[in-house]
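S.K.: Quick one: structure below, then a few questions.
Only the coordinates and a few stated rules stand behind these numbers; no lab work does. In this text, all values refer to a predicted model and were calculated from it rather than measured experimentally. Cβ atoms come from the backbone with ideal geometry, glycine included; neighbour counts cover every protein chain shown.
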Amino acid sequence: MLAGDINIRLERITDPHTVEFYDMLASYGLDQQVQDVTHDQGGIHDVVCTRGDLPSPTVVVRDVGFSDHRLLRWVSPFQRPPPVYTTDCTLQVVTVLLFGHVHSRPADVSVV
């Protein structure tokens, strides 16, 4: 996720900075979610960018009255896949050969 004030007028779709920004987002698989004006002088200066393969959040743009920028509000359900554990059987065999048993705390388990 990427969120913040990028100081690029994203509503100017042919501007070289806008094109470069959208190309950069695409290279990381991100989509820009803000569709409403985010600045007093007009334009979309602030972004919420999320992965394109996940559900898109609804971004609410509000004028709270104390900045020239709008407040952006959204909810993103962050989900992490469960870790995958692997075991190095070679270390267990060496441990058994040297000590006659495998220790109860596996030192050879790693998280991928």
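S.K.: Return, ordered by residue number, the residues of region 32-48 whose backbone nitrogen is under 15 Å from a label point located 7 Å along Cα→Cβ of D5.
M.R.: Only 38-48 pass the distance filter.
S.K.: Now for a separate question. Provide the per-residue ³J(HN,Hα) series for region 29-37, in order, calculated from phi with Karplus coefficients 6.51, -1.76, 1.60 and θ = phi - 60°, each as a whole number of Hz, with x at glycine and proline positions.
M.R.: Along region 29-37, the couplings run x, 9, 10, 8, 9, 7, 10, 9, 4 Hz.
S.K.: While we're here: Modelling each spin label as a point 7 Å along the Cα-to-Cβ direction, I'd like the Y28/Y85 distance in nm, to one decimal.
M.R.: The modelled label-to-label distance comes out at 3.3 nm.
S.K.: So between D36 and L54, what do we pick up on full extension, going 0.36 nm a residue minus the alpha carbon distance?
M.R.: 4.4 nm
S.K.: Moving on to the next point. For a quick check: sort T50, T38 by the number of other beta carbons within 10 angstrom, fewest at the front.
M.R.: With the sparsest Cβ surroundings first, the list reads T50, T38.
S.K.: Another question about this same structure. How far apart, in nm, are the 7 Å Cα→Cβ label points at R73 and V19?
M.R.: Modelled inter-label distance: 3.8 nm.
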